[in-house]
Structure formats: C-alpha cells, structure tokens
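What follows is a set of notes on a single structure, which appears directly below.
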Amino acid sequence: MLFRESYFDFTLLNSIILLVSTKSTNFALYKSAFMEIFYHGSSVLFSEFDLAHALEGDGKVKFGFGVYITSHYRSAAHYAGANPNSTQFYVYTVEVPDKREDNYIAFKEPVNLTILHKAAEKLGEPILDKFSLDGKDFRKYLAKKLTGRVDLEGEKAASAFLLSIGVDFIEWPYNWKNPSLGTNRAVLNDRQVKIVRIDQVQLDNKKQLIEGSQTEIK
C-alpha cells in the first residue's frame, strides 16, 4: 500500500476546501460529493497508493487485502510507527468513496442482500446463511471458494471478486468496545484512494502522536 511516483492531479479535489492548522488534528473539511475524508499512516513518503507494495507496512492482511485507512488522525499516526526501524512518520489525508448500503461489507454485520444476490449469481450457487451473517465470514468464504485458500492469495482473490460486484471497501470499528467512535476500512481499489494532504509527524516512545508536531509537506 505504498507508492508509485506520479503527478497528482489537483483538479480531482473539486470542491474540497481544507481549513487546516498544522498545530491541530481537528480538520474542518468540505468534501466533494460522494466522497469521504479518512487517514493513512506510513513510514514511507509517496505520491500515490499502490497495492503492489502491500505488506511493506506491518505485514498483515487481517482485515482483507486493500489500502488500510482510519477515520482517526491519531490512529493513523500510530500506524505510521508500525515498522520499528523507521525514523520518519507520515499521515496522509485521503479522499475515498462514500459509504452506501451496497458498496461495503463489515465485520460482525450481515452482508447486504444486493451484494449476496450479485455474488450468488456470479458464483452460480446460493450463499449459505452461515456465510452471510458476518462480513468476515463472507470474505473468508469467497477466498476459500475461489482459491481453496485463506492466505494472501485467497485474500487477493476475494478482494478482486468483491470489486467486480460493486463492493468498494471492508469496514470494522476503530474501537471494538465502542464502535460509535469511528471506523477503519480496507479500500479494495488503490485507485479510489486520492491523497489530498501529507503531514510529517513525530511520535513518542509508545508510538503515539506528539500533539503539535505535525507539519504539512504537501
């Protein structure tokens, strides 16, 4: 989920207006229609997301194969420190597809019926209830069905299949004990994650954001 050098087309920002203070993580954002603002933490500076570099962060695909983002700036900063050998830390403010009823699956939530119908039609068989009551079980079912495996290759196949039936991302709570605090996502298509701002940040010895350390570099 790292980089491919390319020119960033600022016309993609459309009507976004960023009212930002580099001394605060409280961004006032007016976003384009049908898009949302999230954050991604990394120890690598890049200009465009590229899933060819997946697993170069913390090396995990626990929540599916995609670009991992969070609704919490501080959480993104913490993830930027995942590599213990890194000394540079960055938080990317990104624009991603808006959430609709039939464009995502979620952990511990039933899968939308439209998604289930599309999947069943494409697979040529109905989806059993035991795989439809939790987005995680549905994703694992697809990986096993498509490849016979639930490893990285299986996760890649499941993500590609989900994209083919209109699913943009996988979602799970930022805080499992209090889901209302926000969400994390794995965006399945790296082309749907548009960088609108990059901050360099400093972390303390517990890999937590040092408030006020953030400096905009792009």
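The values are calculated or read from the model by the stated rules, or taken from the named source; none is laboratory data. Bear in mind the structure is a predicted one, so any value in this text is a computation, not a measurement. Note that we place each Cβ from the backbone using ideal geometry, even for glycine, and neighbour counts take in every protein chain shown.
Give me the pairs: first residue in the range 137-151 and of a type in the set (S, T, N, Q), second residue assigned to a helix (DSSP H, G or I) and buried (at least 17 other Cβ atoms within 10 Å of the Cβ), beta-carbon distance under 8 Å, and six or more apart or on different chains, which are they?
T147/G154; T147/A157
For the range 103-134, enumerate the residues that are charged (D, E, K, R) and closer than 30 Å to S42 by Cβ.
Result: K108, E109, D134.
Quick one: would you say E121 is closer than 15 Å to V61 by Cβ, of a type in the set (D, E) and part of a helix (DSSP H, G or I)?
It is false that E121 is closer than 15 Å to V61 by Cβ, of a type in the set (D, E) and part of a helix (DSSP H, G or I).
Looking at the structure I just gave you, is E95 in contact with a strand residue (DSSP E or B) (Cβ under 7 Å, 6 or more places away or on another chain) and over 18 Å from I165 (Cα atoms)?
Answer is yes for this residue.
Count, please, the residues in the range 119-153 that happen to be more than 23 Å from the chain's Cα centre (by Cα), surrounded by 17 or more Cβ atoms within 10 Å (Cβ to Cβ) and among the basic types (K, R).
Residues that pass the stated criteria total 1.
Going by what's in this entry, would S159 be described as surrounded by fewer than 22 Cβ atoms within 10 Å (Cβ to Cβ) and touching a residue at least 24 places away in the same chain (Cβ under 8 Å)?
Spelling it out, it is not the case that S159 is surrounded by fewer than 22 Cβ atoms within 10 Å (Cβ to Cβ) and touching a residue at least 24 places away in the same chain (Cβ under 8 Å).
Before we move on, is V196 surrounded by 20 or more Cβ atoms within 10 Å (Cβ to Cβ) and in a strand (DSSP E or B)?
yes
With D98, D102 as the choices, which residue is touching a helix residue (DSSP H, G or I) at 6+ places or on another chain (Cβ under 8 Å) and either at negative phi or surrounded by 14 or more Cβ atoms within 10 Å (Cβ to Cβ) (or both)?
D102
Is it true that some residue in the range 72-93 is in a strand (DSSP E or B), among the hydroxyl-bearing types (S, T, Y), closer than 22 Å to G154 by Cβ and outside the structural domain of L142 (by TED's automatic domain parsing)?
No, every residue in the range 72-93 fails to be in a strand (DSSP E or B), among the hydroxyl-bearing types (S, T, Y), closer than 22 Å to G154 by Cβ and outside the structural domain of L142 (by TED's automatic domain parsing).
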